[in-house]
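Bear in mind these aren't lab numbers, they're just calculated from the coordinates by the rules spelled out. This structure is a prediction, so every number in the text was calculated from the model and none was measured. A quick note on method: Cβ atoms are made from the backbone with ideal geometry, for glycine too, and the neighbour counts reach across all protein chains shown.
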Amino acid sequence: IFCKDIEITAVAIFGGITIFLPSNVNIQIKSLPIFGGMDNKTQNTQNNPYTIYINATAVFGGVEIKN
């Protein structure tokens, strides 16, 4: 199976977003919380060949990332 790095843009305004990701990828996060929050509950290992880049904005809401 061919796989490559991907980018996810998540915007939460007065609500929440939960993103479920596999455990066999690296995760890079850029976030802008404005009266909101960002929570990364994944356990990264640096030996994974692929990376998921997440650009998250939370305005009075939240973005949560889980395995």
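Rounding to the nearest 20 debye, state how big the charge dipole of the chain is about its Cα centre with +1 on each Lys and Arg Cβ and -1 on each Asp and Glu Cβ.
Details: 4 positive and 4 negative charges, 11 e Å.
Around 60 debye, computed over the chain.
Under a point spin-label approximation (7 Å from Cα along Cα-to-Cβ), what is the Asn47-Leu21 distance to one decimal in nm?
Output for this residue pair reads 1.9 nm.
Taking the Cα-to-Cβ direction at Ile29 and at Ile13 and moving 7 Å from each Cα, how far apart do the two end points lie in nm?
For the pair Ile29/Ile13, the computed spacing is 2.2 nm.
Taking a cut-off of 22 Å between Cα atoms, list the lysines near Lys4, but don't count ones fewer than 8 places away on the same chain.
Candidates past the 8-residue exclusion: Lys30, Lys66.
Which net charge results for the neighbourhood of Pro49, defined as the other residues with beta-carbon distances under 11 angstrom from its beta-carbon, given Lys and Arg at +1 and Asp and Glu at -1? Can you show the working numbers first?
Values: positive: Lys4; negative: Asp5.
With Lys, Arg at +1 and Asp, Glu at -1, the neighbours total 0.
Once label points are set 7 Å from the Cα along Cα→Cβ at both Asn67 and Asp5, what is their separation, rounded to one decimal in nm?
Using points 7 Å along Cα→Cβ, the separation is 2.2 nm.
Between (1) 31, 25, 13; (2) 38, 19, 16; (3) 48, 30, 18, which entry matches Cα extents along the principal axes in Å as derived from the coordinates of this structure?
The calculated read-out lines up with (2).
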